[in-house]
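Take a look at the structure set out below.
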Amino acid sequence: MARVISIANQKGGVGKTTTAVNLGASLAASEQKTLIIDFDPQANATSSLGFQRDPARKTSYNTIILGDSIERVAIDAKVDSLWLVPSDKNLVGAAVEMVSMDHREYRLKAAIEAVRDSYAYILIDCPPTLDLLTLNALAASDSVLVPIQCEFLAIEGVSELLDTLMRIRRTINSSLAVEGILLTMYDDRTTLSKQVAADLRSFFGGQVFETVIPRNVRLAEAPSHGMPVIFYDIHSKGAESYIQLAKEVIANAQKRVGAGTERTDSGTGAAAAAAGAGSASGAGNARVGAVGGESE
Ligand SMILES: Nc1ncnc2c1ncn2[C@@H]1O[C@H](COP(=O)(O)OP(=O)(O)OP(=O)(O)O)[C@@H](O)[C@H]1O
Ligand SMILES: [Mg+2]
């Protein structure tokens, strides 16, 4: 059954879409059948995967407003094991149209439940808002992955977001976990990046992914070629980092499944691989799903 992960941050331009597309492609390349749901009217995930505007194509709008099943709306993303529910600007109106509907926060959840068995991962690319669209995404998700840029006031931004997630746990989705906080556009030449990264790790500890996404021009170029970075330039630092992130996400899922079973010192093959090429190995701080992580 798919793990459903919202990629969300109210702040714009922090790398949500870049992460949805490239984590999605990297999971698919690891033979994990993955569905990306473009849930942003900007439709950047759709165009990043090479799909130009096409008014005849069904989109996530059809799914949540008109009741078309995801099975009917999803298209082959032209990458093995990767599927896409596209978006377009029609989705702007959806939040308004949903206001008068029954169970308006749960419309995406209902659509996803019907296809959960068909995928290993479902990633939802959220808009940079906290409107009904994002609430639908969070209501439908097992966890949220929060991309964050290493910049001044980053901790305040994440704290606010985690407060919001706590409220969502109390209201629409009590089991929403934090998949992880992901440092994006990291520039190891700047003291600020390093300092902010260190602060975030000391503040949020194991909730921060070991993998860090560097600022990398290939990641910025790939969308204009309509392809994930692993197909645009597999040898780039950007490609490496998202492959690493996919390994970390898969290893964390395996840890959850094996929770209760003893972890050996070297870990499972995949967990060890994920810990391998990345940054400092972070011995002993195996990340947990952080359900109810607000308690610390
Ligand atoms: N690691 C990176 N290195 C270089 N450029 C990046 C990186 N990540 C993202 N970008 C670029 O930064 C811009 C914003 O990224 P992206 O669209 O992924 O952010 P977003 O959070 O989805 O934005 P929005 O809030 O508007 O949806 C894009 O032009 C993208 O190509
Ligand atoms: Mg985006």
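Any read-out appearing in this document is the output of simple, stated calculations on the displayed coordinates, not a laboratory observation. Computed from a predicted model, the values in this text were never measured in an experiment. Positions of Cβ are backbone-derived with ideal geometry, glycine not excepted, and every protein chain shown enters the neighbour counts.
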Percent antiparallel among DSSP beta bridges (both partners in the chain, rounded to 5): 10
Gaussian network model of the chain, springs between alpha carbon atoms under 10 Å - residue of E240, E113, E179 with greatest fluctuation: E113
Distance in nm between pseudo-label sites at I172 and H235 (7 Å out along the Cβ direction from Cα): 4.6
Label-point separation, R57 to F152 (7 Å along Cα→Cβ), nm: 4.0
Cross-link table K58/K78; K78/K247; K33/K109; K16/K237; K78/K255; K11/K89, entries beyond 25 Å C-alpha to C-alpha: K78/K255
Inverse mean reciprocal Cα-Cα distance (Kirkwood Rh) of the chain, Å: 19.1
Most fluctuating residue given options T191, T46, T34, as computed from a GNM of the chain linking Cα atoms under 10 Å: T191
Estimated 222 nm signal from helices in the chain, with DSSP H stretches of n ≥ 4 weighted -39500 (n - 2.57), rounded to 500: -11500 deg cm²/dmol
Chain lengthening between I75 and S159 when straightened (0.36 nm per residue, less Cα-Cα): 26.6 nm
